[in-house]
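Below is one structure, written out as structure tokens, with a few remarks after it.
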Amino acid sequence: MNALTLSRAVGSGRVQLISLRQSCVTTARTRLLWVVGGFAFLALVAAVRLMFIGMESGRTSGTSLAEALLPARGEITDRNGVPLARAFPAYALWFNPHALGGDGAPLVGSPKEVAAALKEIFPDLDEEKVRQLFASGKPGYIRRRVLPEEANRVHDLGEIGLETPREIDRHYPQGTMAAHVLGYVGADGNGRLGMEQVLNEHLSNPATRGQPVALSIDMRVQGALEDELERGMKLTAAQGAAGIVLDVDTGEVLALASLPEFNPNKIDAAGERLMFNRMTNQVYELGSTFKPLTIAAAIDAGVVRDFAARWNAQPVKVGRFTINDSHPLGSSLNIPQMLMHSSNTVTARVADELGPERLRQVMVDLGMNRRPEIELPARGYPIWPGDNWPRLQNMTVGFGHGMAVTPLHLASAYAAMVNGGVWHPATMHRVEPGTVPEGRRVFKESTSSRMRQLLRMITKYGTGRSAEAPGFRVGGKTGSAEKPGAGGYRRTAIVSTFAAAFPMDRPRYVIVTMLDEPKGTVASSFQRTAAWNAAPIVGRLVPRIGPMLGVQPDETRDIDLSDLVPIVPEAQR
Amino acid sequence: MTMPRRLSALLTQPAGQTIILIVAGALFLALTLRVNAVRSEVHHLERQIVAVEHQRLLLETEFETRASQRQLSTWNEVEFGFQAPKGDQFVEGERQLASYGVPAGHGAPRQIRLAGGTPAPASQGALADLARVLDSEPVERGRLEFGRALAVLSADEGHADSERIAAARFDTARLAERLTAGTRGSTAIGTRLVRSGE
């Protein structure tokens, strides 16, 4: 091999190397370009996407702030704005057996341990039931309502399977208070019973539910009424109780209670049995509390003019029936004495002289022949004796027998009797000043004025003395009626009622308290009549609610009784 | 070439128009992005407001539940035993309150009670009280009468600027009146001040 051949071979190798190098560089450049192009494309896509997100983000606001803050169901408040029913996102306690994933146990600890730990947080928890739920491996509620503090304690247990989802909940912060007024919300989201049912449309409509609905109820008065009624009911071992505080000028219901109450936060079978409203739905023969109405009708008609006139107080015989007093009250009584001692015989004679047409007309004017006028859906129909009253019927209606009405009927009638004679329908809505609906006149102003004196005398000197609250000028009438049963009246079961108004020099509120089948106990000196059980409730209630309602006690002030006291010997002792 | 000419030249050329269009588009894009960013922040804040409002509702309801009427009543029965005040525990006004006054000690004279036509308004602090005293009717009347008397006196002396002097003295007198009206028994000080003003 000569030098030339060698040179050619080296040259050829070099050329190949150069071309190889160039080829590699080209390939690398091409690949680099591809990579750069790929990255550039990705960057472009990202930039375009970002731009789109930026352009679109302003439109993804979803619901507006007002919509988001709109409650799921409108709020109900008392007349001062205190919430009585509200919907809010609350916590529930839910068992999710699949939260841990896999096929293992749904809980970290044993079901027994976790149930015991939950029992410590919720003392009223049914531990056995929860343990069974854990063992079943099925999802389910452990509790429907959990407080935030309790939810934190559940989280601290470290169990993933115990979830606390937030759910819209209808809650009644005052618990059982005013349950019959408020009602509750069923599982379908609609109101049941009470104002929840009445206001269902308003509370669910998005256009109106943002504005709370103020009821006429005053939460403080309602609380005091329920307190005192419950106390009176327990002391006399009564089956139930009912009470109302009514504004005599506007018909606003400041408080309305029917005991025992149910808990609208927890509707169960036991609660459903207590939903019957004794104040507006149950009709009773309310007994002697009707006597002032009869006397007012007689004064209005001019049958009773002279208050010193003596009326025969001996038993009244009508056909084969005899009307007696509960105990002998002497041979004769005047009208103030008759009311103070609650004489059936004198009332029967006054009603007889008045005549059935006129007494019946007054009862019709007072709305006793139809359901009570109030917004609540539970309104009982009275047992009305019809259009033609025989003589005996007229007499018995005169002292509150032979006709059954709700205690609300009585409260509205008393309001008309003491407010100057104008009847107003009761209402659960707050009435703004100047918007009081026009009522209808039932009694004359002068009759009303006279009835205030007479009612005050009953409380000051008669059967209503235990309702006296010094300084508040309470006036009222007791009533104790036997309940009807199979084959006539049951002597062992009575309904005791006290219907009152205060302050009698310028009445502003009517109170009716009623006890269903009270027993004679130590607290009631083994008596069952209203003077011993229903009247003391009013005596304790008025000093509690009077100052709240703007009635300041004044022991130096009272209604003028100077023309009646001289004709009543009992008042001069 | 001046700036307006350059600008008009730029606007007339297609390239210039394109540049301006691109710049305007870029600015529009930036502005849109900025607006949407702000909107997004507002939305975020709204969600926070809703969350806080829900939390507030929850806490308020919890508070209302814990402080329910029934609960407070039970506490009162168990712990405090407060009862509704009786009729004789209410006081209607200052007169009734004054009627409860008792002598300070054994043998001490009874407290003096003064009957006023209208109750004195509640004290609102020393300065406000002083202002009220100054604005009261008797002081105004007294001040005018005193000022008028001084003016007449000065006119009698025959000075040309009698009115001006009277006004100056009147101001001094008013100060004295103010001081004397505020506190009883300081008439002497007030008189001295009036004299020094003369």
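In the range B:70-92, which residues become less accessible by 40 Å² or more once every protein chain is in place, relative to the chain on its own, using a 1.4 Å probe?
At a threshold of 40 Å² (probe 1.4 Å), the residues of the range B:70-92 that become less exposed are B:R70, B:A84, B:G87, B:F90, B:E92.
Angle check, please: helix A:445-461 long axis (alpha carbons) against the longest principal axis of chain A (alpha carbons), in degrees 0 to 90, nearest 10.
90
To the nearest hundred square angstrom, how large is the accessible surface buried between A and B, total for both chains, probe 1.4 angstrom?
Working: alone 27440 and 17030 Å², together 41300 Å².
So the total buried area for this chain pair works out to about 3200 Å².
Quick one: what are the phi-derived ³J(HN,Hα) couplings along the range A:28-35, Karplus 6.51/-1.76/1.60 with θ = phi - 60°, whole Hz, x for glycine and proline?
4, 4, 4, 5, 4, 4, 5, 5
For the pair A:E128/A:L549, report the inter-label distance in nm, with labels modelled 7 Å from Cα in the Cβ direction.
Result for the modelled spin labels: 4.9 nm.
Which value at 222 nm does chain A reach when only helices count, each DSSP H run of 4 or more adding -39,500 (n - 2.57), with the total divided by all residues and rounded to the nearest 500 deg cm²/dmol?
Mean residue ellipticity at 222 nm (helix-derived): -11500 deg cm²/dmol.
Rounded to the nearest 20 Debye, what is the dipole magnitude of the range A:223-572 about its Cα centre when Lys and Arg each give +1 and Asp and Glu each give -1 at the C-beta?
Numbers: 38 positive and 35 negative charges, 167 e Å.
My answer is approximately 800 debye.
Keeping every protein chain present and rolling a 1.4 Å probe, give me the accessible area per residue for the protein assembly as shown in Å². Numbers along the way, then the final one.
On the way: 41300 Å² over 771 residues.
Averaged over the residues of the protein assembly as shown, the accessible area is 54 Å².
Where a ≥ b ≥ c are the square roots of the eigenvalues of the C-alpha gyration tensor, would you call the protein assembly as shown rounded, which needs a/c under 1.5, or, failing that, prolate if a/b is larger than b/c, or oblate?
Numbers: a/c = 2.91, a/b = 1.48, b/c = 1.97.
It comes out oblate by the Cα gyration axes.
Only bridges with both residues in the protein assembly as shown count here: give the DSSP antiparallel percent, nearest 5.
On the way: 59 of 62 bridges.
Of the beta bridges lying entirely in the protein assembly as shown, close to 95 percent run antiparallel.
Computed over the Cα atoms of the range A:223-572, what is the convex hull's projected area averaged over all directions, in nm²?
With every direction weighted equally, the projected area is 17.5 nm².
Ranked highest first by average number of other Cβ atoms within 10 Å, how do A:88-97, A:516-525, B:78-87, A:133-142 line up? Write out the running numbers ahead of the final one.
Details: A:88-97: 20.0, A:516-525: 17.4, B:78-87: 11.3, A:133-142: 15.3.
Output ranking for A:88-97, A:516-525, B:78-87, A:133-142: A:88-97, A:516-525, A:133-142, B:78-87.
Within the protein assembly as shown, what is the number of lysine pairs with alpha carbons under 26 Å apart, leaving out pairs fewer than eight places apart on the same chain?
Summing the qualifying lysine pairs gives 29.
Taking 7 Å along the Cα-to-C-beta vector as the label spot, tell me the B:R39-A:A40 distance in nanometres, rounded to one decimal.
3.3
Using unit Cβ charges (K, R positive; D, E negative) and no other charged atoms, how large, in debye to the nearest 20, is the dipole of the protein assembly as shown about its Cα centre? Display every interim value, and only then the final one.
Working: 86 positive and 80 negative charges, 332 e Å.
Computed charge dipole of the protein assembly as shown: roughly 1600 debye.
In chain A, once you exclude exposed GluC sites (Glu not before Pro) (DSSP loop, at most 15 other Cβ within 10 angstrom), what's the longest stretch remaining?
Values: sites that count: A:E438, A:E555.
Free of exposed loop sites, the longest segment is A:1-437.
Nearest 10 degrees, 0 to 90: what angle lies between the long axis of helix A:111-121 and the longest principal axis of chain A (Cα atoms)?
Helix A:111-121 sits at roughly 50 degrees to that axis.
Take A:V364 and A:E445, extend 7 Å from each Cα along the Cα→Cβ direction, and tell me the distance between the two endpoints in nm.
Inter-label distance under the simple model: 2.7 nm.
Quick check: at a probe of 1.4 Å, how many percent of the accessible area of the range A:223-572 sits on carbon and sulfur atoms? List each step's numbers first, then the result.
Values: 6390 of 12790 Å².
Carbon plus sulfur share of accessible area: 50 percent.
If you line up the long axis of helix A:219-235 against the longest principal axis of chain A, both from Cα atoms, how many degrees apart are they, to the nearest 10?
The angle comes out near 60 degrees.
Could you work out how far the C-alpha centroid of the range A:312-380 sits from that of the range A:431-478, in angstrom?
18
Rounded to the nearest Å, what's the spacing between the alpha carbon centres of the range A:500-573 and the range A:154-173? Just the number, please.
Here the two parts' Cα centres lie 50 Å apart.
In the range A:28-135, which trypsin sites (Lys or Arg not before Pro) fall in coil by DSSP and have 11 or fewer other Cβ atoms within 10 Å? Mind dumping the intermediate values first?
Details: sites: A:R29, A:R31, A:R49, A:R59, A:R73, A:R79, A:R86, A:K112, A:K119, A:K129, A:R131; in loops: A:R73, A:R79.
When the trypsin sites (Lys or Arg not before Pro) of the range A:28-135 are filtered for loop state and at most 11 Cβ neighbours within 10 Å, nothing remains.
Taking only C-alpha pairs under 8 Å that are 6+ residues apart, what is the relative contact order of chain A in percent? It would help to have the intermediate numbers written out before the result.
Numbers: 1102 pairs, mean separation 77.0, N = 573.
Contact order relative to length: 13 percent.
The values are calculated or read from the model by the stated rules, or taken from the named source; none is laboratory data. Worth saying up front: this structure is predicted, and the values here are computed from it rather than measured. Neighbour counts are summed over all protein chains in view; Cβ atoms, including those assigned to glycine, are modelled from backbone coordinates with ideal geometry. Ligands, DNA and RNA are stripped out before the accessible areas are found, and what is left, the full protein with its side chains, is counted by its heavy atoms. Shrake-Rupley method; radii C 1.70, N 1.55, O 1.52, S 1.80 Å.
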